[in-house]
Amino acid sequence: MWQLAYTEFYFSDKLWPDFNIDDLIEAVEVFRGRDRRFGGRNEVK
């Protein structure tokens, strides 16, 4: 459980044999767009 504390999951509708480079690029783009707070809150200034 401790190892999953800051884990971010991505679920695709495609199964492994059909998962291609375009799907990988989409997953990376989704990951890059996430707001990572690492347990903290975003401070509004």
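Some values worked out for this structure:
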| quantity | calculated |
| --- | --- |
| Residue pairs meeting the criteria (Cβ under 8 Å; at least 6 apart or on separate chains; first exposed (fewer than 10 other Cβ atoms within 10 Å of the Cβ), in region 1-12; second part of a helix (DSSP H, G or I) and of a type in the set (A, V, I, L, M, F, W, C)) | E8/F31 |
| Pick from region 16-45, criterion of a type in the set (A, V, I, L, M, F, W, C), at pLDDT 90 or above and under 30 Å from W2 (Cβ atoms), ranking: surrounded by the fewest Cβ atoms within 10 Å (Cβ to Cβ) | W16 |
| Residues of region 13-31 that turn out to be within 11 Å of the chain's Cα centre (by Cα) and either acidic (D, E) or not in a helix (DSSP H, G or I) (or both), as a count | 2 |
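The values are calculated or read from the model by the stated rules, or taken from the named source; none is laboratory data. Nothing here was measured: the structure is a model prediction, and the numbers come from that model. Every residue, glycine among them, receives a Cβ derived from its backbone with ideal geometry; neighbour counts consider all protein chains shown.
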